[in-house]
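One structure below.
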Amino acid sequence: MDLFAVLNLDEVSHGLAGLSMFPYFDTAHYVVSVMALREQPGALDVARRSPFACWFSSMLYCFGGGILSGFMMAEAPIAFLSNSTSVLMASVIWYLVFYCPQDVVYSCTTFFPLRLVLTGMKEVTRTWKVLGGVAQAHSKYKDGLLVMIAIGWAKGAGGGLISNFEQLVRGVWKPETNELLKMTYPTKVTLIGAVLFALQQNQYLPVQKQHLMLLYTVFTVVNKTRMMLTGSSSSPFAPIESVVYSTFFAGPSPSSYTTLTTETETLVVKKPSTATKKGIKEAYESLNGAAPGSPSKTAAHKRGKGSPKKAKEQPESTETESNKKSD
Amino acid sequence: MDLFAVLNLDEVSHGLAGLSMFPYFDTAHYVVSVMALREQPGALDVARRSPFACWFSSMLYCFGGGILSGFMMAEAPIAFLSNSTSVLMASVIWYLVFYCPQDVVYSCTTFFPLRLVLTGMKEVTRTWKVLGGVAQAHSKYKDGLLVMIAIGWAKGAGGGLISNFEQLVRGVWKPETNELLKMTYPTKVTLIGAVLFALQQNQYLPVQKQHLMLLYTVFTVVNKTRMMLTGSSSSPFAPIESVVYSTFFAGPSPSSYTTLTTETETLVVKKPSTATKKGIKEAYESLNGAAPGSPSKTAAHKRGKGSPKKAKEQPESTETESNKKSD
Amino acid sequence: MDLFAVLNLDEVSHGLAGLSMFPYFDTAHYVVSVMALREQPGALDVARRSPFACWFSSMLYCFGGGILSGFMMAEAPIAFLSNSTSVLMASVIWYLVFYCPQDVVYSCTTFFPLRLVLTGMKEVTRTWKVLGGVAQAHSKYKDGLLVMIAIGWAKGAGGGLISNFEQLVRGVWKPETNELLKMTYPTKVTLIGAVLFALQQNQYLPVQKQHLMLLYTVFTVVNKTRMMLTGSSSSPFAPIESVVYSTFFAGPSPSSYTTLTTETETLVVKKPSTATKKGIKEAYESLNGAAPGSPSKTAAHKRGKGSPKKAKEQPESTETESNKKSD
């Protein structure tokens, strides 16, 4: 790729591809994951009532990707426990975040600039996890593009995808919501990464692996940082999703498809009727994780915008409100 | 088997055994499965809110058997994704049934004669799936009659058996009901098939495999067709179940077993007391998927009987009402 | 170990290690497990409505450990079905306990001395199951101490750990409680056993395997017998847990950690303030499976104490009340 050569990015991308996740990036991943757990409603209560359930929940946050991809590939989901160093590191971080005397560690990590750096580093691990999943699937299913996407996605966003069962460990059960019904930003960006890396692995993309790694890593880090700085939860994929949705999926609706379909077909692209427009807008909003027509949430976003201080207090406001994980 | 030779059915059964499920029968299976999903309460709403969750749910309907048997045999549940052709075919059908402009495809497939043919073809795939499950289990557990039955059953009726978790994908959670508590007709007939094929595999049945395949396929197709034509949901196993139940399982009841057991023992076969009779009837009804003493349902059955038009509108009325799948 | 030689226990421990669980101890395990299921609220109702769901539930009680460890190690969870003799034995016991004419079998087994013997024998099987799990994990993960503990625990206390899903089979769903949030005595004692046997396997404990087996078996049998005889549910680990809890986990609380942490730090060991003391006490009680501040339960314990007759009627009162299993 010429552009990379021109910009002298070849070396950068090779350097990145040779980067070891252990120990600094892994540590950042564990810290941010355990903090995300601690900020779930009721998590502190569980931490007091049952340290063991809290520990197990933390492990699901930290190693959820490996566990889920293990189940899907019929490889031992328990295998993560055989890497004693990682488990010990994650456990120490869990202990410090939840039970540290005078809550020193949690107070420090919530300091906005530190949190920003840690979250950025966590985003870097996503590239490695997705890539690991794609490679793992490729070793078993040579031509299985879909399997590679699925395993890459599971490995990179496992904690979020198993959130229903992680919550169950803490005695919380929210069947009405899951990451498939309302994908959060981390789940979406991981899915896109899995698709890209799987296409690259099958040589459908005219780009080298380390270049793609650089591009994807920069994209995830920059985008997450932007979201944290502006306190916004608006997804960069929203316009694309909106177009795709209104083109392909604005078909029959539960109540009105018999009367509206013809209308929708002809009108939706040019000038949708108010009713249809509203319906699509609502559906599209719910696709983006926001409750349809919730004025309070919109207000919260406005208040949050451009206010890093607010963002520090509620850095992942939407995800916390809808009880989703940051991973 | 002489009877087969006399009736010239040997050739027919050999022809059937050599039949390929791909592509026509598989297509019929996908169409009927996705239609069954679409007819679930709330499914259209999910299709609008989250096309991805809807797609995933459809895949669970179409490939549920392979996924469940994968989990049970510690083989990759994700393996179905490696067969790109099947997944693509199922996905296209999912798209057409849910989002086709002007809802053309769904309107066509609900046309009663077409639906009858498709459902009949889907029943044929059941034989192949059960047989595949039994063979798969046999290759690992030579003498495991019970394993063969379990895997054959899981492969043939997987979609129904995992219905609780399929519903969870759509944000629905109904713990009070599952296919083990209230078996529907498809689950029962698949269990019987699994038992027969497992016995044949272990040479406990004096019948050739292709003859059994013919008999079982004819039985399932004829019976399903009869049920659709008459709009009846009465199971052909009801009399046998009733006898087995009252002989073996009419033992101690929760409230009255201390006072009634002696009575039941002596009376149940000859002339049960009214109370015992009612208790058995209720339990037996609930075994057959009907809520005990629901007059509205009984009335619905009466209205439905002999009325193919009604049956077209609600071809699998009981299953739809109790939120069960057709598979 | 000299002490063993002096007390002539070497031969005893060798004899114990050579003991076969089949058939007597296994039978006792099945009887006690199926009785524990029957004593669950609503179980008899399920047994009448759906004998199949009841049978499946019983199998989860009897073989839950193997199923759970199968899932965790990516070995076929269905494998237990290939041991026809065990399944047949468990099924016969299930039938006799639930449906025996005039309820003869259940009435006999609830006879206190017989139940005491059966429960003691069931406790013996725990040692073998934990040891089997540790060995199974060791064969795959040579240095995986944590994997050995996890699999040993899962194998020994599987029925309890999967209780949420076992209840789901019976149409019961209690997400607010699970064995990780509130460990019952059997789960705790199995965890301790798994830790000890895994340490021994890795030669961190200066004790021979058969000596450890003897010690652990004697401890579990004696302790369970004591609990049944006194009708008490007080755990022998309570004092240790209390110390560990107040030392390590009495950190930040949901409401008051900002004001109380300093206080707690200095006071908790010497003389805790009333508020902190109460908080710790409640948390500690809930750790031990008792609802915080439930006077009726405390009263029940007092009534139960030293009254074997009462204990016979409600031998595992706390576990039954909180809908937990005896395993």
*Select, from A:GLY133, A:GLY158, A:GLY152, the only residue that is within 14 Å of A:GLU75 (Cβ to Cβ) and modelled with pLDDT of 95 or more.*
A:GLY133
*Among the residues of the stretch B:103-149, how many are in contact with a Ser or Thr (Cβ under 7 Å, 6 or more places away or on another chain), of a type in the set (Asp, Glu) and farther than 22 Å from B:PHE219 by Cβ?*
1
*Looking at (1) within 26 Å of C:ARG226 (Cβ to Cβ); (2) within 14 Å of chain B (Cβ to nearest Cβ), which is the only condition C:ARG115 fails?*
(2)
_Please pick out the residue among C:VAL46, C:VAL31 that is more than 22 Å from the chain's Cα centre (by Cα) and either surrounded by fewer than 16 Cβ atoms within 10 Å (Cβ to Cβ) or touching a residue at least 60 places away in the same chain (Cβ under 8 Å) (or both)._
C:VAL46
*asked:* Give all pairs with beta carbons closer than 8 Å in which a residue from the stretch B:159-170 that is away from every other protein chain (no Cβ under 12 Å) meets a residue that is in a helix (DSSP H, G or I) and of a type in the set (Phe, Trp, Tyr); count only pairs at least 6 apart in sequence or on separate chains.
replied: B:GLY159/B:TYR61
*Would you be able to say whether some residue in the stretch B:156-167 is buried (at least 24 other Cβ atoms within 10 Å of the Cβ) and polar (S, T, N, Q)?*
yes
*Candidates C:GLY158, C:GLY133, filtered to the one that is touching a Leu at 6+ places or on another chain (Cβ under 8 Å), part of a helix (DSSP H, G or I) and either among the polar types (S, T, N, Q) or under 28 Å from C:SER234 (Cβ atoms) (or both)*: C:GLY158
*Top-ranked residue in the stretch A:63-86 [being facing another protein chain (nearest Cβ under 7 Å) and surrounded by fewer than 18 Cβ atoms within 10 Å (Cβ to Cβ); ranked as farthest from the chain's Cα centre (by Cα)]*: A:SER84
_Residues that are farther than 22 Å from C:LEU114 by Cα and either touching a Phe, Trp or Tyr at 6+ places or on another chain (Cβ under 9 Å) or of a type in the set (D, E, K, R) (or both), drawn from the stretch C:24-43_ = C:ALA43
*State the number of residues belonging to the stretch B:174-210 that are in contact with a helix residue (DSSP H, G or I) (Cβ under 7 Å, 6 or more places away or on another chain), polar (S, T, N, Q) and either in contact (Cβ under 8 Å) with a residue 60 or more places away in the chain or not in a helix (DSSP H, G or I) (or both).*
6
*Considering residues of the stretch C:90-108 that are among the hydrophobic types (A, V, I, L, M, F, W, C) and buried (at least 18 other Cβ atoms within 10 Å of the Cβ) only, the residue farthest from C:TRP55 (Cα to Cα)*: C:VAL105
*asked:* So for the stretch B:201-217 (the condition being within 14 Å of chain C (Cβ to nearest Cβ) and over 21 Å from B:THR125 (Cα atoms)), does at least one residue qualify?
replied: yes
*Of the conditions (1) more than 9 Å from chain C (Cβ to nearest Cβ); (2) assigned to a helix (DSSP H, G or I), A:LEU19 fails just one. Which one is it?*
(2)
*Consider A:SER57 against the criteria (1) more than 9 Å from chain C (Cβ to nearest Cβ); (2) polar (S, T, N, Q); (3) in contact (Cβ under 8 Å) with a residue 40 or more places away in the chain: it satisfies all of them except one. Which criterion is unmet?*
(1)
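The values are calculated or read from the model by the stated rules, or taken from the named source; none is laboratory data. What you are looking at is a predicted structure, and each value in this text was computed from that prediction instead of being measured. Neighbour counts run over all protein chains shown; Cβ positions are idealised from the backbone, glycine included.
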